[in-house]
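Step one of this worksheet: look at the structure below.
Computed from the coordinates by the stated procedures, all read-outs in this text should not be read as laboratory data. The structure presented is a predicted model; accordingly, all values stated were derived computationally and were not measured. Positions of Cβ are generated from backbone atoms using ideal geometry, with glycine treated the same way; all protein chains shown enter the neighbour counts.
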Amino acid sequence: MLRIAVQSKGRLFDDTMNLLSEADIKIRAGKRTLLVESSNFPLEVLYLRDDDIPQSVATGVADIGIVGENEYAERCEDAEVICRLGFSKCRLSVAIPKEAGYNGTVWLNGKKIATSYPNILRGFLNRKGITADIHVITGSVEISPGIGLADGIFDIVSSGSTLVSNNLKEVETVMESEAVIIANRNLSEEKRHILQDMLFRIEAVKNAEDKKYIRMNVPKSRLQDIIGVLPGLKSPTVIPLADDGWCSVHTVLDQKRFWEIIGRLKEMGAQGILVTPIEKMIL
Ligand SMILES: Nc1ncnc2c1ncn2[C@@H]1O[C@H](COP(=O)(O)OP(=O)(O)OP(=O)(O)O)[C@@H](O)[C@H]1O
Ligand SMILES: O=P(O)(O)OC[C@H]1O[C@H](OP(=O)(O)OP(=O)(O)O)[C@H](O)[C@@H]1O
Ligand SMILES: [Mg+2]
């Protein structure tokens with residue numbers, strides 16, 4: 001059995017549980033139970049504060065974990081980053097009062113910076129040769145300059161709206177982050193095997209994200225033109241129809257280019273276009 005540490009509640013929780021569910025790994029949602037076994041996959045889930053996930057994986061209390069890269073980097077624990085998951089995307093940035101005239105990192109010299117990420121901030125300041133006073137607080141970091149607690153902050157930014165509502169501006173982006181799977185470096189052969197099975201499923205789910213399966217009827221006379229605008233995996237599937245002048249074309253389209261391509265297909269005479277979501281895709 002493989003043990004995975006996941007955040008018990010918070011920003012990572014929903015996407016983590018959805019990912020396991022889409023990979024057909026069933027986990028009973030136990031509100032008060034902190035260790036829950038899957039009923040159909042050799043996995044048990046350990047619910048933790050995200051701060052504790054890197055250490056639990058490094059020490060082997062859990063075999064693997066799902067955590068923000070920012071938290072993993074801050075904890076300086078030794079684990080292996082296995083894959084990036086594409087959710088909880090954010091960045092760690094330095095921000096200062098909107099009205100301050102920023103002239104590069106030298107502005108930070110001798111200043112007091114509030115943060116929940118002292119190790120990452122210290123690394124950044126050292127690399128830039130800046131000496132500043134790092135003030136560690138665990139939350140509500142963005143309020144610090146406004147109440148005279150600090151000159152600037154170093155915290156998570158996503159849309160930037162928290163900065164704006166606190167009259168701050170982002171001046172340095174130090175790291176980009178997203179949720180990652182980390183693993184203990186000394187997993188047994190058996191556990192590596194379970195991990196590989198789980199990653200195979202996750203990859204199939206990820207491959208299918210933002211993809212649509214489309215089927216359409218196409219006049220044979222326009223078939224080559226239509227194939228020309230389809231990106232497809234390899235090449236589209238072409239199936240004959242009862243009507244000799246027509247065929248059915250099946251392919252996979254990326255959500256991002258979907259409407260543009262559909263428009264062109266229609267112009268070229270495609271009819272009866274059916275669009276269906278894809279659950280999993282094994283390349
Ligand atoms: N606004 C955001 N947009 C996108 N991702 C975010 C955002 N805020 C945080 N994250 C990511 O989600 C992770 C968890 O954030 P959350 O706010 O739930 O942490 P927390 O309050 O420390 O939780 P815990 O109670 O588990 O310690 C962060 O470490 C970061 O990777
Ligand atoms: O750039 P934005 O989109 O505004 O996101 C950034 C904010 O999101 C997180 O806080 P969260 O909303 O999770 O609340 P918290 O302060 O309770 O952690 C983070 O700590 C920032 O404050
Ligand atoms: Mg935390």
- Shape box of the chain [Cα atoms, principal axes, largest first, Å]: 79, 51, 33
- Rounded to 10°, Cα long-axis angle of helix 118-128 versus longest principal axis of the chain: 90 degrees
- Task: Restricting to the chain, compute how many DSSP beta bridges are antiparallel as a %, nearest 5.
- Result: 75 percent
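Work out, step by step, the length gained on full extension between Asn207 and Ser188: first 0.36 nm times the residue separation, then minus their alpha carbon distance; give nm to one decimal.
4.0 nm
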- FRET efficiency for Met175 and Phe258 from the Cβ-Cβ distance with R0 = 30 Å, rounded to 0.05, comes out at 0.40
- Message: Just to be sure I follow the rule: in region 177-267, considering lysines 8 or more places apart or on different chains, how many pairs have Cα atoms under 24 Å apart?
- Response: 15
- Item | Calculated FRET efficiency for the pair Met281/Val229, C-beta based, R₀ 22 Å, to 0.05 | 0.55
- Phi-derived 3J(HN,Hα) across region 247-253 with the Karplus relation (6.51, -1.76, 1.60, θ = phi - 60°), rounded Hz, x for Gly and Pro, is 9, 10, 10, 10, 7, 10, 10
- Chain lengthening between Cys83 and Asn167 when straightened (0.36 nm per residue, less Cα-Cα): 26.6 nm
- Query: What is the packing order of peptides 262-271, 184-193, 147-156, taking the mean over residues of other C-beta atoms within 10 Å and listing the highest first?
  - Reply: 147-156, 262-271, 184-193
- Scan around Ile278 for amide H atoms under 5 Å from its own, H built in the peptide plane at 1.01 Å from N, and keep only partners 5 or more places away or cross-chain. Lys211, Tyr213
- Message: Can you give me the C-alpha center-to-center distance between region 116-135 and region 205-283, rounded to a whole angstrom?
- Response: 52 Å
- In whole Hz, the Karplus estimates of ³J(HN,Hα) for region 37-48 (6.51, -1.76, 1.60; θ = phi - 60°; x where Gly or Pro) are 8, 6, 8, 9, 8, x, 9, 10, 9, 10, 8, 9
- Note on the structure: At R0 = 25 Å the Cβ-Cβ FRET efficiency linking Met268 and Asp244, nearest 0.05, sits at 0.85
- Longest principal axis of the chain (C-alpha) makes with the long axis of helix 13-22 (C-alpha) an angle, in degrees to the nearest 10, of 30 degrees
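Fewest first, what order do Glu176, Glu170 take by the number of other Cβ atoms within 10 Å?
Glu176, Glu170
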- With a point put 7 Å past each Cα toward its Cβ, work out how far Cys76 is from Lys128 in nm, to one decimal. 2.0 nm
- Non-local residues with an amide H under 5 Å from the amide H of Ile82, with H modelled 1.01 Å from N and Pro and chain starts lacking one, are Ile181, Ile182, Ala183
- Please give the calculated 222 nm ellipticity per residue for the chain, where each DSSP H segment of at least 4 residues contributes -39500 (n - 2.57) and the sum is spread over every residue; nearest 500 deg cm²/dmol? -8000 deg cm²/dmol
- Note on the structure: Taking placed amide H atoms and a strict 5 Å upper bound, the residues 5 or more places from Cys247 or on another chain that come that close are Val218, Lys220
- Query: By a straight-distance test (C-alpha under 19 Å), which lysines pair with Lys9 as possible cross-link partners, with residues fewer than eight away in the same chain excluded?
  - Reply: Lys26, Lys31, Lys89
- Which ³J(HN,Hα) values in Hz, rounded to whole numbers, follow from the phi angles of region 265-282 under the Karplus curve 6.51 cos²θ - 1.76 cosθ + 1.60, where θ = phi - 60° and Gly and Pro get x? 5, 5, 4, 7, x, 5, 9, x, 6, 10, 10, 10, x, 10, 7, 9, 9, 10
